[in-house]
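Structure first, commentary second.
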Amino acid sequence: MSALPMNEPKIRVLIVDDSAVVRQTLSEVLSSDPDIQVIATASDPFVAAERIAEQAPDVITLDIEMPRMDGLTFLQKIMSQHPIPVIICSSLAEAGAQSTLKALEYGAVDIIAKPRLGSKRFLEESSVILCEAVKAAAKARLSVHTVSRTIQPKLTADAVLARGAGGAMLETTEKVVVIGASTGGTEALRSLLEALPPDAPGIVIVQHMPEVFTRAFANRLDGLCRISVKEAESNDTVLRGRALIAPGNHHALLKRSGARYYVDIKDGPLVSRHRPSVDVLFRSAARYAGPNAVGVIMTGMGDDGARGMLEMKEAGAATIAQDEATSVVFGMPNEAIKRGAVDTILPLEAIAETILIRTR
């Protein structure tokens, strides 16, 4: 797990949730990270407003459904009066997915699933994801019973797909696009996909997001875009005019059978501290599509996708990174750039046109 530089102040977090158990669990998980300090908790937005007046946090974790004032209303007030990076901490409930996605439109920077008592693996993984999300949020650009945690090794794509001889054909007329994004990516992806024509090349996307929410996100985009968008299922064919979004909590791999590209949905460990992982998708694209692929890495914290994008470039694929000025967090694109994995660095609004040029 990445640590703050020496003498860097800890990230101050305010936890807002009506459940005392959730507040305690989140507080224990976050406090176990040496770079994070939980400065207060609040049972509802009115108490939260008092805590903010006492000491402004760097990051707020916020529940949606609360008494006296719902989280969406509180979020709107925060973003209009005193913008603070907000992470929506939501239960894995289909019914609440639309409200949670609405929060992203209102300025929330990320969605995470509430940690719940369960298996050791779940608690360890949710701890890693939660702490990384807080660190990403702290860097985000804004427009106006103790839970014991063992830091898990940061796995590479080897944990899911071994690097080896490619199964890619020589260049063909049919191209495929693979895209990776994290913090700030939901709205960036909406902007990108809305700009694509109905006959755009087939696309596979990894957006770091919990399960359940990826389906609601795909359905929302499907209603906004000229291309069709769906949550990926195993054996879905990558077709012109369609984008497939990796389901939360599962890795998505691009595969090839003859001239047909399709996706394979797999379980497995966190890779680069994520599942789905951009590195896994990009490695599979390097292996099975090679020069027939275009890789795009967008806004997000950390380095997921940087190794995989370098493998794509080495396999002959075209590679694109979102620029710093239009990224909510420039971590993922910057890591790929520093590794020499990127051919072209572009503002968000220029990526769609460049994809079309590179796939002609």
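The values are calculated or read from the model by the stated rules, or taken from the named source; none is laboratory data. Keep in mind that this is a model prediction, so the values were computed, not measured. Please note: Cβ atoms are built from the backbone with ideal geometry, for glycine as well, and neighbour counts cover all protein chains shown. The area values use the complete protein model at the heavy-atom level, side chains included, leaving out ligands, DNA and RNA. Shrake-Rupley method; radii C 1.70, N 1.55, O 1.52, S 1.80 Å.
Kindly indicate whether Tyr288 is aromatic (Phe, Trp, Tyr), surrounded by 21 or more Cβ atoms within 10 Å (Cβ to Cβ) and closer than 25 Å to Glu335 by Cβ. The answer is yes for Tyr288. Suppose the filter is modelled with pLDDT under 95, buried (at least 18 other Cβ atoms within 10 Å of the Cβ) and assigned to a loop (DSSP other than H, G, I, E, B); does Gly268 pass it? The answer is no for Gly268. Only one entry in Ala168, Ala137, Ala195 is aliphatic (A, V, I, L, M), modelled with pLDDT under 95 and either farther than 30 Å from Lys10 by Cβ or more than 19 Å from the chain's Cα centre (by Cα) (or both), namely Ala168. For Leu270, are the conditions met, namely being in contact with a Phe, Trp or Tyr (Cβ under 9 Å, 6 or more places away or on another chain) and within 22 Å of Met332 (Cα to Cα)? Criteria not met by Leu270.
Please determine, by comparing only the residues of the stretch 55-69 that are part of a loop (DSSP other than H, G, I, E, B) and under 13 Å from Gln37 (Cα atoms), which one is least open to solvent (accessible area, probe 1.4 Å). Applying the filter and picking the extreme gives Pro57. State whether one or more residues within the stretch 27-39 are touching a Pro at 6+ places or on another chain (Cβ under 8 Å) and part of a strand (DSSP E or B). Yes, there is a match, as at least one residue in the stretch 27-39 is touching a Pro at 6+ places or on another chain (Cβ under 8 Å) and part of a strand (DSSP E or B). Flag: Ala20 matches the condition of being out of contact with any Phe, Trp or Tyr (no Cβ under 7 Å at 6 or more places or on another chain), open to solvent by 50 Å² or more (accessible area, probe 1.4 Å) and either more than 20 Å from Ala138 (Cα to Cα) or among the aromatic types (Phe, Trp, Tyr) (or both). Hey, could you check the stretch 25-41 for residues that are small (Gly, Ala, Ser) and more than 16 Å from Ala113 (Cα to Cα) and say which is surrounded by the most Cβ atoms within 10 Å (Cβ to Cβ)? Result: Ala40.
Scanning the stretch 217-265 for residues that are among the hydrophobic types (A, V, I, L, M, F, W, C) and assigned to a helix (DSSP H, G or I) turns up Phe217, Ala218, Leu221, Leu224.
Annotation: of all residues in the stretch 320-341 being surrounded by fewer than 24 Cβ atoms within 10 Å (Cβ to Cβ) and among the β-branched types (Val, Ile, Thr), the one that is nearest to Asp279 (Cα to Cα) is Ile337.
Taken over the stretch 300-353, the criterion of being out of contact with any strand residue (DSSP E or B) (no Cβ under 7 Å at 6 or more places or on another chain), among the hydrophobic types (A, V, I, L, M, F, W, C) and assigned to a loop (DSSP other than H, G, I, E, B) is satisfied by Met301, Ala315, Ala325, Val328, Val329, Phe330.
Would you please name the residue that is modelled with the highest pLDDT, looking only at residues in the stretch 70-97 that are in a loop (DSSP other than H, G, I, E, B) and closer than 17 Å to Val47 by Cβ?
Ranking the candidates gives Ile84 first.
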